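What follows is a short report on a single structure.
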Amino acid sequence: MNAKTASWLTAHGRLWYGDRWYRLAWIVWPQALGLMLFVTLWIGHPAGQGFIPWAKPLLEAPKAPPAAAPLNNPPNQQVVQPPAVTDVLAPCKSDDHAQAIRDCTALLASGNLQGDNIPYAYYHRGWAYYQTSQYQVAMADYNRAISMQPRAPEFFLDRGALLIDLKNNERALQDLDYAILLKSDYALAYIDRGIALHNLNRQSEALVSFNKAIELDPSQFSAFENRASIYEDISNWRGVYDDGNKMIELNPNNRLGYEYRGHAYLEVGQQEAAIRDFNRAISIDPSAIYGWRMRGRAYYFLNQFDNAMADFQAALRIDPKDSGTIDFINDLKRKRGR
């Protein structure tokens, strides 16, 4: 041992036994330093993130290992597919309404339906009854469906439509308003609400309802059709023309758009344009009286009396008691007489 080391040990021994703070420092500080090192390493480990290996950091993320190849199925063993989701109420929705009534009745009697399938079965059967003009039993099914599920807006929509057909427009409004309360963007409910209001001669309110329906869903042909009917009643021929145009755009194979637009042309004196539209309406449905009657009227204003009479007679063959056509024929006879 050299003199320098011996001198240091002598001093250390004197302080160790003579100075308790010196002794305490030698005991505590090495443990504190060790604890700090441990915490530093733990913070970087992925668990909190764990101990970081002392290595050069990666420049890019490691690539995932390749996916394992699928196992070959044993010979003669088919892959089991998950079962398809089936609509248990499909029998109630058949386009054959009489068959839908029978199948839905059997389904309800089976006791196999659960939850909301039960009120929806009554609802669909009610629709089938409605389409076959069995209004009393349709109403009973709608009432039963609503009593079981009073939060379904379509139940109130369809019962409201049935009430309109039964001429109970005030009661229909209550159902349609409630359907809208349940579903504020229900364009179909606004359309039927407008029809009920129109039937009650509340035309301004009906227009508001049809306008709202068109705002919500501008693809609804029925909204334009019913609004055009009101415009026709109040002689708003520009409105009739615009809605007729939109109806033709939505469904060029429906006669109604041509009939409304043709009537608008007729009323503003554009008889040739009116005749073209009525020609198209008649070609789509020659059994509809309106096109014949109104085309005859356009010929009348062009003083083509033979053509006018031929169209009026065609209209009477469809409905011999049509008062509008009879009035036009009498008017034509008076004009010819003069």
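When region 242-260 is examined, which residues are found to be in contact with an Asp or Glu (Cβ under 7 Å, 6 or more places away or on another chain) and either among the small types (Gly, Ala, Ser) or touching a residue at least 40 places away in the same chain (Cβ under 8 Å) (or both)?
Of everything in region 242-260, nothing turns out to be in contact with an Asp or Glu (Cβ under 7 Å, 6 or more places away or on another chain) and either among the small types (Gly, Ala, Ser) or touching a residue at least 40 places away in the same chain (Cβ under 8 Å) (or both).
A quick yes/no check of all residues on (1) in a loop (DSSP other than H, G, I, E, B); (2) free of Cβ contacts under 8 Å to residues at least 24 places away in the same chain; (3) surrounded by 20 or more Cβ atoms within 10 Å (Cβ to Cβ):
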| residue | (1), (2), (3) |
| --- | --- |
| GLN99 | no, yes, no |
| LEU108 | no, yes, no |
| GLN114 | yes, yes, no |
| ALA121 | no, no, yes |
| ALA128 | no, no, yes |
| GLN136 | no, yes, no |
| ARG151 | yes, no, no |
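Return a yes/no flag: does region 182-195 have any residue that is surrounded by 15 or more Cβ atoms within 10 Å (Cβ to Cβ) and closer than 30 Å to GLY296 by Cβ. Give the derivation first.
Let us first name the residues in region 182-195 that are surrounded by 15 or more Cβ atoms within 10 Å (Cβ to Cβ), namely 182-183, 186-195.
Okay, now just the ones that are also closer than 30 Å to GLY296 by Cβ, so 195.
The answer is yes; a qualifying residue exists.
Counting only residues that are among the hydrophobic types (A, V, I, L, M, F, W, C), closer than 26 Å to ARG238 by Cα and free of Cβ contacts under 8 Å to residues at least 60 places away in the same chain, give me the helices (runs of 4 or more DSSP H) lying completely in region 261-338 with at least 3 of them. Outline the logic, then answer.
Details: elements: 271-284, 289-301, 305-318, 323-337.
Output list reads 271-284, 289-301.
LEU157: of a type in the set (A, V, I, L, M), assigned to a helix (DSSP H, G or I) and touching a Pro at 6+ places or on another chain (Cβ under 9 Å), yes or no? Full working, then the answer.
Details: of a type in the set (A, V, I, L, M): yes; assigned to a helix (DSSP H, G or I): yes; touching a Pro at 6+ places or on another chain (Cβ under 9 Å): no.
Considered against the rule, which asks whether it is of a type in the set (A, V, I, L, M), assigned to a helix (DSSP H, G or I) and touching a Pro at 6+ places or on another chain (Cβ under 9 Å), LEU157 comes out as no.
Quick note: the coordinates plus some simple rules give every number you see, no bench work behind them. Note that the structure is a prediction, hence the values are computed from the model and not measured. All Cβ positions, even for glycine, are placed from backbone atoms using ideal geometry, and neighbour counts span all protein chains on display.
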